[in-house]
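Below: one structure, written as structure tokens.
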Amino acid sequence: MKKLSAWLTAIIMALGLGLLVPGPASATTSYCGLVWSSLGKSNQTMSAASVINVRSGQHHCFDRLVIDIKGKAAGYNVRYVSKFVQDGSGLPIKLRGGAFLQVTAHSPSYDNATGKATFVPANRSEVTNVSKYKTFRQVAWAGSFEGHTTLGLGVRARLPFKVYTLAGPGNGSKLVIDVAHQW
């Protein structure tokens with residue numbers, strides 16, 4: 001009983017002195033368990049499957065951009081750029097935000113056989129509404145040129161991101177870009 005009393009007294013004193021209170025998170029601790037980076041990500045595989053929609057969503061730890069593809073999603077190139085430009089012409093496109101991600105799907109937004117568009121945004125400057133998102137500031141359309149479809153993603157700051165593809169529904173697939181809310 002004396003040992004237990006002495007042990008409890010030591011713990012109470014240590015708490016009172018702040019010795020057992022955890023300190024700040026280390027620099028290696030990841031936000032929400034995410035271990036992403038802000039470096040460019042790419043898969044150079046080309047696909048004849050067409051882009052059919054672009055949408056976005058908010059999650060607890062990140063904002064998400066989804067490019068729906070009719071067929072198998074394959075290649076992409078997603079990277080931070082100092083300025084965002086229109087496909088083909090190279091003319092600058094203004095984006096809101098402190099940093100800009102250039103998102104290129106190696107899939108056209110037109111049918112290769114007919115040349116008919118499979119996706120045309122209603123508003124090229126605001127492809128999807130991200131007005132109350134924590135990280136996203138704007139999604140803009142750069143176009144579809146020589147089998148590549150490019151979007152500009154204005155974000156709050158240069159933050160870590162992840163890129164991947166998902167199969168479904170049916171024969172379709174998705175190119176997904178998640179951008180963390182913070183480091």
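Here is how the numbers come out for the structure above:
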{"item": "All aspartates and glutamates inside 14 Å of K174 as judged from Cα atoms, apart from same-chain residues fewer than 8 positions distant", "result": "D68"}
{"item": "Accessible surface, segment 49-183, averaged per residue in Å² (probe 1.4 Å)", "result": "47"}
{"item": "Net charge over other residues, Cβ less than 14 angstrom from the Cβ of S38 (K, R count +1; D, E count -1)", "result": "+4"}
{"item": "Karplus-derived 3J(HN,Hα), 6.51/-1.76/1.60, for each residue of segment 67-84, Hz, glycine and proline x", "result": "10, 7, 10, 8, x, 7, 5, 10, x, 6, 9, 10, 7, 6, 10, 7, 8, 9"}
{"item": "Average projection area in nm² (convex hull over Cα atoms of segment 69-138, one quarter of hull surface)", "result": "5.9"}
{"item": "Over segment 45-160, relative contact order from alpha-carbon pairs under 8 Å, at least 6 apart, %", "result": "29"}
{"item": "Within the accessible area of segment 89-153 (1.4 Å probe), percent carbon and sulfur", "result": "53"}
{"item": "S131 paired with A157, simple spin-label distance in nm, labels 7 Å along Cα-to-beta-carbon", "result": "2.6"}
{"item": "FRET efficiency for H59 and D111, using Cβ-Cβ distance with R0 set to 41 Å, rounded to 0.05", "result": "0.80"}
{"item": "Pairs beyond 24 Å (Cα-Cα), from K116/K162; K134/K162; K41/K72; K72/K132; K70/K94; K132/K162", "result": "K116/K162; K72/K132; K70/K94"}
{"item": "Largest-first ordering by accessible area, 1.4 Å probe, given options R79, R137, R158", "result": "R158, R79, R137"}
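The values are calculated or read from the model by the stated rules, or taken from the named source; none is laboratory data. Quantities reported herein were computed from a predicted structural model and do not represent experimental measurements. Virtual Cβ from ideal backbone geometry, glycine too; neighbours counted across all protein chains shown. For the accessible areas, the whole protein counts, side chains as well, though only heavy atoms, and no ligand, DNA or RNA atoms are used. Shrake-Rupley method; radii C 1.70, N 1.55, O 1.52, S 1.80 Å.
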